[in-house]
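The values are calculated or read from the model by the stated rules, or taken from the named source; none is laboratory data. No experiment lies behind these values; they were computed from the predicted model shown. Because the Cβ atoms are built from the backbone with ideal geometry, glycine has one as well, and the counts that use them run over all protein chains shown. We work out accessible area using only protein heavy atoms, side chains counted, and drop any ligands, DNA or RNA first. Shrake-Rupley method; radii C 1.70, N 1.55, O 1.52, S 1.80 Å.
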Amino acid sequence: MTVWRITDGEDGLESGKRASPRYDIVEHDTALLRVAASASAPRLLMSGEIDVSNAREVTRALDAVQDRVPGDVHVDLAGVDFIDVAGLRAFTLASRDLNARERMLVLHGVSSHIDRLFRLIGWNATPGLQIHCRPRT
């Protein structure tokens, strides 16, 4: 695991600017998929493609963020272009685990085709899973 920090100068954010989510841990970084996490909040940022070759790493990142910080887990998928059933399953299993602890997995920026896959399989109704699609352009 690589740890890195994002800052905007020596003092962090410039005064008057709204704080954006801070992703300071890289959980996974390959040519196919990048997963960044926040050490202080239950957030993940994923970009690339999620498939059977990296679904285990997605599961590890989801487990790590659940253990690191309490509360619902939020995952930004706006940068994810492709996901297969193994990837969908990783999110579904994580949401079930979170639901058992009265927490939720909230997916943000989900593309319409990935949302459609969740719905076709019926996994969009998984307890503890909430899907927010990105606006259509």
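Just so you know, in the stretch 69-96 the residues that are open to solvent by 80 Å² or more (accessible area, probe 1.4 Å) and charged (D, E, K, R) include one that is farthest from ILE131 (Cα to Cα), and it is ASP81. Assess whether LEU120 counts as being at pLDDT 95 or above and surrounded by fewer than 15 Cβ atoms within 10 Å (Cβ to Cβ). So LEU120 fits the description; yes. Among the criteria (1) farther than 23 Å from ARG22 by Cα; (2) open to solvent by 30 Å² or more (accessible area, probe 1.4 Å), the one ASP63 does not fulfil is (1).
Please pick out the residue among SER53, SER38 that is modelled with pLDDT of 95 or more, over 13 Å from HIS108 (Cβ atoms) and either among the hydroxyl-bearing types (Ser, Thr, Tyr) or in contact with a Cys (Cβ under 8 Å, 6 or more places away or on another chain) (or both). Give the derivation first.
Details: SER38 fails: modelled with pLDDT of 95 or more.
From the options SER53, SER38, the qualifying one is SER53.
Within the stretch 24-56, the set of residues being within 18 Å of ARG68 (Cα to Cα), of a type outside the set (D, E, K, R) and surrounded by fewer than 18 Cβ atoms within 10 Å (Cβ to Cβ) comprises VAL26, ALA39, SER40, ALA41.
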